Structures are given as structure tokens and as C-alpha cells.
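*Asks:* For reference, the structure I am asking about is given below.
The values are calculated or read from the model by the stated rules, or taken from the named source; none is laboratory data. Predicted, not measured: the structure shown is a model, and the values here were computed from it. Cβ: placed from backbone, ideal geometry, glycine included. Neighbour counts: every protein chain shown. In case anyone asks, the SASA skips ligands and DNA or RNA and just uses the protein heavy atoms, side chains included. Shrake-Rupley method; radii C 1.70, N 1.55, O 1.52, S 1.80 Å.
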Amino acid sequence: MERTIDGELLNIPQHVAIIMDGNGRWARQHHRPRTFGHKKGAAIVEQICDDAWELGIKYLTLYAFSTENWKRPADEVTTLMGLFHQYLVSYLDRMMKQNIRIRIIGDRRGLSQQILDDIERDERESAGNTGLQFNIALNYGSRDEMIRAMQKMAADGHTKPEEITPELFSSYLDTAGMPDPDLLIRTSGEQRISNYLLWQIAYSELYFTPVLWPDFNRDVLLDAIRAYSKRDRRFGGV
Ligand code: IPE
Ligand code: IPE
Ligand code: MG
């Protein structure tokens with residue numbers, strides 16, 4: 001979708017996925033424990049949702065906790081889970097006011113009953129909202145998602161080779177029914193995917209910024225969209 005933003009004609013991606021990285025380094029820069037970075041990182045998410053919607057983005061998918069992040073020290077994992085709970089409780093009011101629909105992708109097994117209840121409530125309450133389609137990847141790993149999808153397919157009796165199509169497989173992923181990301185942003189300067197949306201980003205444009213997640217804001221998002229606007233997406237054609 002083309003749109004003029006701050007006097008500039010830009011091509012706005014429909015779906016933006018973000019690997020929110022760099023909370024720990026941000027905390028170290030501020031001589032504080034890593035958990036301080038996670039708190040700041042969680043606190044900016046509401047504003048980023050508003051900015052994304054205001055810029056014309058329809059789907060926003062944020063990577064909050066990977067299937068590999070359980071390897072971190074127990075106290076850091078506990079803090080993160082506490083923040084997810086706090087967030088899923090406190091954000092609901094605002095989501096309802098702003099017409100935001102939230103969905104959580106990832107493996108629900110392994111999450112606490114409290115967080116499962118939060119997810120169930122927020123998804124149910126916001127299911128009819130037609131504004132920003134906001135996804136949080138929680139206990140998410142792309143390989144895990146694909147294995148779960150294949151297991152569910154087999155359990156549903158889809159075992160004949162000729163039945164297995166990209167469309168059927170996509171419909172068993174956690175992102176079923178959503179368009180693929182047009183733009184994938186990773187903060188903190190790392191240039192890797194870390195097991196995020198491997199199937200879905202087959203033709204996404206990639207944007208890496210050195211900005212640490214807690215410092216992310218509308219200007220950085222706009223820079224990413226500017227870069228995206230200049231890309232020539234060919235999808236294998238000419
Ligand atoms: C991203 O920040 C948040 C999560 C992965 C939960 P990090 O905690 O990975 O921050 P760095 O990479 O150590 O700076
Ligand atoms: C990716 O960040 C996961 C999330 C942002 C939730 P990591 O910090 O865990 O990734 P690696 O370990 O640097 O690849
Ligand atoms: Mg990191």
C-alpha cells in the first residue's frame with residue numbers, strides 16, 4: 001500500500017515481523033541488570049503497536065521468547081514470564097479501546113497455567129477486533145512449529161503424499177490464515193534469524209539495525225519502511 005508519511009511517498013508493508021533483540025546489552029549500557037532491559041523492552045511495545053497502526057501496518061508479529069531462551073538463567077526466565085503475565089493482563093483494556101486483536105504463536109506446552117489463562121482470555125476478548133492484528137511469539141521456534149504442524153497433519157489423517165501441499169502445511173502452522181511477513185526487522189546488530197518464522201519469511205525483505213530494542217521507536221520503524229520502499233521484490237520473477 002502506498003501512503004504519504006511526513007511528506008514522503010512510501011510503500012507500507014502489510015505485515016512486519018520484529019526480532020526484539022538487545023535488551024541485555026541496553027541494560028549493560030545503563031549499568032543495570034539484564035532484567036531492567038527486559039522491563040524497558042516490554043514497556044515500549046504499546047507505543048510501537050500504535051506507531052505501526054498509524055503508519056498503516058496491519059499485522060505486527062513480535063518475537064518475545066524463543067524455544068531456545070529456556071537455556072537462560074532461571075531468574076531471568078522467571079522475570080520474563082512475570083512480564084508476559086503483567087503485560088497480557090494490563091494491555092487488554094487498551095487493546096479493546098484501540099480495536100487491536102492479539103494472538104499468541106508458539107508452543108503452549110511448557111507455559112504456566114497463569115499465562116495460558118491470560119492468552120485464552122486476551123485472544124477470546126479481542127477476537128472480533130479489526131484494527132492492528134498483533135501477534136506475540138512466545139515459546140516460539142520455527143522448527144518446533146513445523147514439527148507440531150506435521151504431527152497435527154498426521155493426526156488428522158493427512159498421510160498421503162499427494163495431499164501434502166504448501167497450502168495445507170501453511171494451514172497447520174501457528175500463523176494459519178495470516179499473510180507472510182513483508183518485512184522482517186532485527187534490532188541490536190545481530191544478523192541472523194534465530195529460528196523465527198523460517199517458512200513464512202521465504203520472500204520477506206530483511207532489515208537489520210544496530211539500535212537496541214529498548215531504544216526502538218517510530219523513527220527507527222520509519223527508517224526500516226523507507227529501506228523497504230526502495231526494495232524491488234521479484235519473488236523469483238524478472
Ligand atoms: C531480547 O534481548 C529479549 C529476549 C530474547 C527475551 P536479549 O535478552 O537477547 O538481549 P541481548 O541480546 O543479551 O542484548
Ligand atoms: C532471539 O533473540 C529471540 C528473541 C528475540 C525472543 P536471542 O537473543 O535469543 O537470539 P540469539 O541467541 O542471539 O541468536
Ligand atoms: Mg539477544
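*Asks:* For region 83-143, compute Rh as the Kirkwood radius over C-alpha pairs and then the Stokes-Einstein diffusion coefficient at 4 °C and 1.567 mPa s; write the answer in µm²/s, rounded to an integer.
*Replies:* On the way: Rh = 11.8 Å.
Estimated via Stokes-Einstein, D reaches 110 µm²/s.
*Asks:* Given a 1.4 angstrom probe, what's the average accessible area per residue across the chain, in square angstrom?
*Replies:* Numbers: 11800 Å² over 238 residues.
Spelled out: the 1.4 Å probe surface of the chain, per residue, equals 50 Å².
*Asks:* Ignoring ligands, DNA and RNA, please state the percent of accessible area on the chain from carbon and sulfur, probe 1.4 Å. Walk me through the numbers on the way to the answer.
*Replies:* Details: 6130 of 11800 Å².
On the chain, the fraction of accessible area on carbon and sulfur atoms equals 52 percent.
*Asks:* Can you check what the Kirkwood hydrodynamic radius comes to for the chain, Cα pairs only, in Å to one decimal? Let's see the in-between values first.
*Replies:* Values: mean 1/r = 0.0534 Å⁻¹.
By the Kirkwood definition, the hydrodynamic radius is 18.7 Å.
*Asks:* Have a look at N135, M81, I147 and report the one farthest towards the positive end of the charge dipole of region 42-164, computed about the Cα centre with Cβ charges (Lys/Arg +1, Asp/Glu -1).
*Replies:* Looking along the dipole axis, the top candidate is I147.
*Asks:* At most 16 other Cβ atoms within 10 Å plus a DSSP loop assignment makes a site exposed; report the longest stretch of the chain without any exposed GluC sites (Glu not before Pro).
*Replies:* Values: sites that count: E68, E190.
Looking at the chain, 69-189 is the longest stretch - no exposed GluC sites (Glu not before Pro) with at most 16 other Cβ atoms within 10 Å.
*Asks:* Among T4, H158, L197, flag the residue with its Cα farthest along the positive direction of the charge dipole of the chain, charges on Cβ as +1 for Lys/Arg and -1 for Asp/Glu.
*Replies:* L197
*Asks:* Let me ask you something else. From the helices alone, meaning DSSP H stretches of at least four residues, give me the mean residue ellipticity at 222 nm for the chain, per-run term -39500 (n - 2.57), in deg cm²/dmol to the nearest 500. Mind showing how you got there, number by number?
*Replies:* On the way: 8 runs with 101 residues, N = 238.
After summing the helix terms and dividing by the residues of the chain, the value is -13500 deg cm²/dmol.
*Asks:* Please work out how much length the chain gains when fully extended from T165 to D75, using 0.36 nm per residue of separation minus the C-alpha to C-alpha distance, in nm with one decimal. Please list the in-between numbers first.
*Replies:* Numbers: separation 90, 0.36 × 90 = 32.40 nm, distance 4.28 nm.
Difference between extended and current length: 28.1 nm.
*Asks:* Enter the mean projected area of the convex hull around the alpha-carbon atoms of region 99-238, in nm², rounded to one decimal.
*Replies:* On the way: hull surface 44.8 nm².
Mean orientational projected area (region 99-238, Cα hull): 11.2 nm².
*Asks:* Longest segment of the chain with no trypsin sites (Lys or Arg not before Pro) in a DSSP loop having at most 15 other Cβ atoms within 10 Å? Display every interim value, and only then the final one.
*Replies:* On the way: sites that count: R108, R109, R192, R231, R233, R234.
Between exposed loop sites, the widest span is 1-107.
*Asks:* Compute the distance from the alpha-carbon center of region 118-144 to that of region 182-207, in whole Å.
*Replies:* 19 Å
*Asks:* Next question. Aspartates and glutamates near K39 by alpha-carbon distance under 17 Å, same-chain residues fewer than 8 away left out - which ones?
*Replies:* D21, D75, E76, D215
*Asks:* In debye, nearest 20, what is the charge dipole magnitude of the chain about its Cα centre with +1 on Lys and Arg Cβ and -1 on Asp and Glu Cβ, if you could check?
*Replies:* Details: 30 positive and 34 negative charges, 111 e Å.
Result for the chain is approximately 540 debye, rounded to the nearest 20.
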